Structure formats: C-alpha cells, structure tokens
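Visitor: Please read through the structure below; I'll follow up with questions.
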Amino acid sequence: MAAPRVTGILLMLAGITIALIYLVGLVIAPDAVVAGVRLSDLLIRYTILIIMLIISGILAYIGFLIYTSPTPRPIEEIVREYKEYTRS
C-alpha cells in the first residue's frame, strides 16, 4: 500500500472514531462520568479549548509573518524604475 492510501485510511478512521465519541458523549449518554466529569461537559470543554488554540496559533502565525516580512519599497522608487524601463 502506498503511503498516501495509508494516511487516507487513518484519517478516515480517526474521523469516524471522533464522530462516534461525540455521538455517544453528546446524544446517547451525556450523563456518563469519565474521570469525575460528565462526558458531555468534557467533550464541550476540550472542543472549545482546541478551537481557541487553533485561533491563537493562526493569530500568532499572522503576527510572525507581518513581523518578519521585509518593508516594501517606497512608491517613488517603483515609479522611477518603471519610467526608466518604459523609456528604453
């Protein structure tokens, strides 16, 4: 089996597993207790945590890109180069 096919199968199985966990935890048995906490509360808390971490990571990455990008050249320099180029 090629590596992309294995990756595809693993992603598909992970998606089905996560969907089943949410189905059981939020619809079928929301009052089940796991580690001293209701399963539905646990799923909602971790879902919100993951969403916030993703948003924070995206914001940090955008900030990093803005900080490390070179400053643009002044428009006057670009216009001067264009005039020199079109004069030839």
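The values are calculated or read from the model by the stated rules, or taken from the named source; none is laboratory data. This is a predicted model, so every value here is computed, not measured. Methodologically, a virtual Cβ is constructed for each residue, glycine included, from the backbone with ideal geometry; neighbour enumeration extends over all protein chains shown.
Visitor: Yes or no: TYR82 among the aromatic types (Phe, Trp, Tyr), at pLDDT 95 or above and out of contact with any strand residue (DSSP E or B) (no Cβ under 8 Å at 6 or more places or on another chain)?
Guide: Values: among the aromatic types (Phe, Trp, Tyr): yes; at pLDDT 95 or above: no; out of contact with any strand residue (DSSP E or B) (no Cβ under 8 Å at 6 or more places or on another chain): yes.
It is false that TYR82 is among the aromatic types (Phe, Trp, Tyr), at pLDDT 95 or above and out of contact with any strand residue (DSSP E or B) (no Cβ under 8 Å at 6 or more places or on another chain).
Visitor: Please count how many residues of the stretch 37-76 are surrounded by 10 or more Cβ atoms within 10 Å (Cβ to Cβ) and in a helix (DSSP H, G or I).
Guide: The qualifying residues number 26.
Visitor: How many residues are surrounded by 10 or more Cβ atoms within 10 Å (Cβ to Cβ) and not in a helix (DSSP H, G or I) if we restrict to the stretch 7-36?
Guide: Step one: list which residues in the stretch 7-36 are surrounded by 10 or more Cβ atoms within 10 Å (Cβ to Cβ), which gives 7-26, 28-30, 32-34.
From what's left, not in a helix (DSSP H, G or I): 29-30, 32-34.
Here the count works out to 5.
Visitor: Condition first: in contact with a Ser or Thr (Cβ under 8 Å, 6 or more places away or on another chain) and at pLDDT below 90. Can you find one or more residues in the stretch 49-71 that meet it?
Guide: Start the filter on the stretch 49-71 by keeping residues that are in contact with a Ser or Thr (Cβ under 8 Å, 6 or more places away or on another chain), which leaves none.
No: zero hits.
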